[in-house]
Amino acid sequence: MKRLVALSGLCLLLEACNVVVTRAPLLSAADEAGAPPLRPGVWRMETDEPCQLDETRPLIEWPKCGAGAVIKPGAVGFYDRDGDAPVWTTQPFVLAAGEPRIGQAQAKISGDVKVGSNPFVYFGGRPAKSDAEGRITEMNIWPVQCGPPPPGDKAESTAHPLPGIDMKPGDPVCTTNSVAVLRNAAKASEPWVPKALRARWLRDGGP
């Protein structure tokens, strides 16, 4: 199964089919106003796939499956491990206010999904834990999808795109230029994921 890997934000792994992508960002830092931020530091995105690692070690020593990143205000850093050697990379990241929260991250494409070299992908999120200062330390997240996914674990796009979603028949992904449409899709997508992914803050500092 081909994957679209969002190496910004929380290193979210998204299936390459049936997700909202845009060539230009729909959200900016202004959209974060009034909402609790993520606690800066080292974060890990957990998936259902097994991954053995020592979370106390520097990120350079983590395996690729560890999905570790360093969150700072407006940016995320991570080791890009697609080449011969890991390369530290920093990209912009937004976690917009609202219900639910919406994360915007730049992405890296693998396989034959053609949506531009560095498109933006989106995920909905609900804070699960916070620290004494109100900063988010754990969040449940899910991909913003184009419409109801096909039944079962099929790597296919939706047959019924949500209102306002631009999706051509046969396309593996969809797009929109409307924040309102994006927010509606984020809300609708939450129950379509059997189990939300979990992002956890681990410690202060850098990689």
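Which one is farthest from the chain's Cα centre (by Cα), of the residues in region 28-71 that are farther than 23 Å from residue 125 by Cα and β-branched (Val, Ile, Thr)?
Filtering region 28-71 for residues that are farther than 23 Å from residue 125 by Cα and β-branched (Val, Ile, Thr), the one farthest from the chain's Cα centre (by Cα) comes out as 56.
Could you say whether any residue in region 109-132 is part of a strand (DSSP E or B) and at pLDDT below 90?
Yes, some residue in region 109-132 is part of a strand (DSSP E or B) and at pLDDT below 90.
If you scan region 34-55, which residues turn out to be among the charged types (D, E, K, R) and either crowded, with 16+ Cβ neighbours inside 10 Å or in a loop (DSSP other than H, G, I, E, B) (or both)?
The answer is 39, 44, 48, 49, 54, 55.
Using beta carbons and a limit of 6 Å, which pairs, at least six apart or on different chains, have the first residue in region 29-46 and over 11 Å from residue 72 (Cα atoms) and the second one at pLDDT 95 or above and of a type in the set (Val, Ile, Thr)?
36/136
For residue 182, indicate whether it is at pLDDT 95 or above, hydrophobic (A, V, I, L, M, F, W, C) and outside any loop (DSSP other than H, G, I, E, B).
Yes; evaluated as a whole, the condition is true for this residue.
Considering each residue of region 59-98, count those that are in contact (Cβ under 8 Å) with a residue 24 or more places away in the chain, in a loop (DSSP other than H, G, I, E, B) and exposed (fewer than 13 other Cβ atoms within 10 Å of the Cβ), and give that number.
2
The values are calculated or read from the model by the stated rules, or taken from the named source; none is laboratory data. These numbers come from a predicted model, not from an experiment. Glycine also receives a Cβ, built like all others from the backbone with ideal geometry; neighbour counts cover every protein chain displayed.
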